[in-house]
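Here is the structure we will look at, set down as structure tokens.
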Amino acid sequence: MVDVPRETSREIKEPSYLDAFIPLITLVVLIGGAVALFGVDAVHGPIPVALILCGMVAALIGMKNGYTWEDVATTGKIAFETLVTPVFILLAV
């Protein structure tokens, strides 16, 4: 019989100011670097990559503070679901 690890109670820490600013600083540096290197053509490739990398940094900070990947994924799914309807309404107008 294989021992299944039991879920232990985890402590979720309050994010610090540094935790809040790291994704913003990452976003500014990556988008600034993309625009500096590629100019206007940055919109077609490097900027979406910068946004994805910034989201990954934010998820890693959340996991550092005690959230599980399931928590991060569920929160992202809920945020995306609330965003889709207004975007479709704007596109329809």
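Points to keep in mind about this one:
- Residue in the stretch 29-42 that is within 24 Å of residue 18 (Cα to Cα) and open to solvent by 90 Å² or more (accessible area, probe 1.4 Å) present: yes
- Within the stretch 43-54, the set of residues being within 13 Å of the chain's Cα centre (by Cα) and open to solvent by less than 40 Å² (accessible area, probe 1.4 Å) comprises 50, 54.
- For the stretch 38-75, taking the residues that are in a helix (DSSP H, G or I) and of a type in the set (Ser, Thr, Tyr), the one that is nearest to residue 28 (Cα to Cα) is identified as 75.
- Residue pairs whose Cβ atoms lie under 9 Å apart, separated by 6 or more positions or on different chains, with the first residue in the stretch 12-39 and more than 16 Å from residue 54 (Cβ to Cβ) and free of Cβ contacts under 8 Å to residues at least 24 places away in the same chain and the second hydrophobic (A, V, I, L, M, F, W, C) and surrounded by 11 or more Cβ atoms within 10 Å (Cβ to Cβ), are 36/42; 38/47.
- Qualifying residue in the stretch 25-37 (condition: hydrophobic (A, V, I, L, M, F, W, C), assigned to a helix (DSSP H, G or I) and in contact with a Cys (Cβ under 7 Å, 6 or more places away or on another chain)): yes
The values are calculated or read from the model by the stated rules, or taken from the named source; none is laboratory data. Everything numeric here is computed off the predicted structure, so don't read it as measured data. Note that each Cβ is placed from the backbone with ideal geometry, even for glycine, and that neighbours are counted across all protein chains shown. Each accessible area value is taken on the protein alone, full model and side chains, heavy atoms only, with ligands, DNA and RNA left out. Shrake-Rupley method; radii C 1.70, N 1.55, O 1.52, S 1.80 Å.
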